[in-house]
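One structure follows; several queries about it will come next.
The values are calculated or read from the model by the stated rules, or taken from the named source; none is laboratory data. Predicted, not measured: the structure shown is a model, and the values here were computed from it. FYI the Cβ positions are ideal-geometry reconstructions off the backbone, even for glycines, and counts take in every protein chain you see. Surface areas here come from the heavy atoms of the whole protein model, side chains and all, with no ligands, DNA or RNA. Shrake-Rupley method; radii C 1.70, N 1.55, O 1.52, S 1.80 Å.
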Amino acid sequence: LSRIVRWYFRKYSPDQEIQMLILLIIVMTAAMLAELIHLESIVGAFMAGLAVNRCLRGTKTHEHIEVLGKTLFVPAFFLSIGLSLDLPKIWESLIHHFWFVALLSAGLIAAKFAAAWVTGAVFKYKRDEWLNMWSLSMPQVAATIAAALVAFNSLDANNNRLIDQNVLSGVLVMVVITAIGGPILTEIFSKRIKGECAVRDEAKENA
């Protein structure tokens with residue numbers, strides 16, 4: 001779909017109204033194809049987003065799509081996810097399997113930290129730089145929630161879920177922790193890097 005649309009855009013250069021209409025056609029076509037092959041709706045929406053992003057990249061319509069996505073599609077996505085969650089069961093899982101949930105989040109944070117530390121050591125980044133990499137890569141939000149919900153709603157040959165309620169609850173807690181902690185740490189490390197750059201520039205000017 002993206003290749004066909006990009007070819008059409010290059011050859012005919014349609015107005016923004018036509019581009020928006022083509023965007024809606026792409027989304028509807030991807031949705032129908034996803035339903036036809038029994039694909040999960042979240043995965044179908046992700047594939048449609050990739051197609052739209054590729055065909056509209058570099059056009060003025062792409063800027064409008066970003067605004068539309070941030071103000072309508074993304075909030076609708078999280079709202080639909082929130083309505084599908086059973087909060088009492090999640091709270092029960094947190095109480096009875098606290099250490100599992102805690103170690104799941106700690107394992108992810110530690111793995112991200114190790115990856116950033118190794119990368120910083122290989123490319124000789126400063127401490128605050130690789131720590132900033134760590135904080136930027138920490139948040140797990142949309143894709144993680146989508147994958148967890150798909151696995152939770154999927155059944156094997158014996159009608160058993162691929163992941164149980166405890167794992168889903170642990171993933172949701174991990175999403176909350178990383179989505180809040182990541183931006184906070186990023187702001188701290190970014191300010192440190194900015195301060196170091198300012199000191200370095202001032203030293204160069206004085207020299």
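Of all residues in region 82-91 being open to solvent by less than 100 Å² (accessible area, probe 1.4 Å) and part of a helix (DSSP H, G or I), which is farthest from Asn153 (Cα to Cα)? If you could, list the steps in order and put the result at the bottom.
The first filter runs over region 82-91 and keeps only residues open to solvent by less than 100 Å² (accessible area, probe 1.4 Å), leaving 82, 84-86, 88, 90.
With the extra rule that they be part of a helix (DSSP H, G or I), the set shrinks to 82, 84, 88, 90.
Values: Gly82: 15, Ser84: 11, Pro88: 18, Ile90: 15 Å.
Looking at the filtered set, the residue picked out is Pro88.
Assess whether Leu79 counts as being within 20 Å of Ala147 (Cβ to Cβ), open to solvent by 90 Å² or more (accessible area, probe 1.4 Å) and either assigned to a loop (DSSP other than H, G, I, E, B) or out of contact with any Gly (no Cβ under 9 Å at 6 or more places or on another chain) (or both).
Working: within 20 Å of Ala147 (Cβ to Cβ): yes; open to solvent by 90 Å² or more (accessible area, probe 1.4 Å): yes; either assigned to a loop (DSSP other than H, G, I, E, B) or out of contact with any Gly (no Cβ under 9 Å at 6 or more places or on another chain) (or both): yes.
So Leu79 passes the test.
Any residue that is under 22 Å from the mean Cα position of the chain (by Cα) and touching a residue at least 40 places away in the same chain (Cβ under 8 Å) - is there at least one of those in region 110-120?
For region 110-120, residues under 22 Å from the mean Cα position of the chain (by Cα) and touching a residue at least 40 places away in the same chain (Cβ under 8 Å): absent.
Any chance region 16-36 includes a residue that's open to solvent by 40 Å² or more (accessible area, probe 1.4 Å), out of contact with any strand residue (DSSP E or B) (no Cβ under 9 Å at 6 or more places or on another chain) and not in a helix (DSSP H, G or I)?
No: zero hits.
Where in region 101-207 are the helices (runs of 4 or more DSSP H), entirely inside, with at least 2 residues that are among the aromatic types (Phe, Trp, Tyr)?
Details: elements: 127-137, 142-153, 165-206.
Counting at least 2 such residues, we get 127-137.
Further question: Is it true that some residue in region 58-69 is part of a helix (DSSP H, G or I), under 20 Å from Gln140 (Cβ atoms) and open to solvent by less than 100 Å² (accessible area, probe 1.4 Å)?
Pass one, region 58-69, residues part of a helix (DSSP H, G or I): 60-69.
Filter again for under 20 Å from Gln140 (Cβ atoms), leaving 69.
Still in the running and open to solvent by less than 100 Å² (accessible area, probe 1.4 Å): 69.
Yes, the conditions are met somewhere in region 58-69.
OK, next. I need every pair where a residue in region 161-175 that is closer than 10 Å to Thr144 by Cα and in contact (Cβ under 8 Å) with a residue 24 or more places away in the chain has its Cβ under 7 Å from the Cβ of a residue that is β-branched (Val, Ile, Thr) and open to solvent by 40 Å² or more (accessible area, probe 1.4 Å), sequence separation at least 6 or different chains.
So the pair list comes out as Val175/Val141.
When you go through Gly181, Gly107 one by one, which is the residue that is in contact with a Pro (Cβ under 9 Å, 6 or more places away or on another chain) and modelled with pLDDT of 90 or more? Break it down into steps so the answer makes sense when it comes.
Details: Gly107 fails: in contact with a Pro (Cβ under 9 Å, 6 or more places away or on another chain).
Step by step, each of Gly181, Gly107 is checked, and only Gly181 is in contact with a Pro (Cβ under 9 Å, 6 or more places away or on another chain) and modelled with pLDDT of 90 or more.
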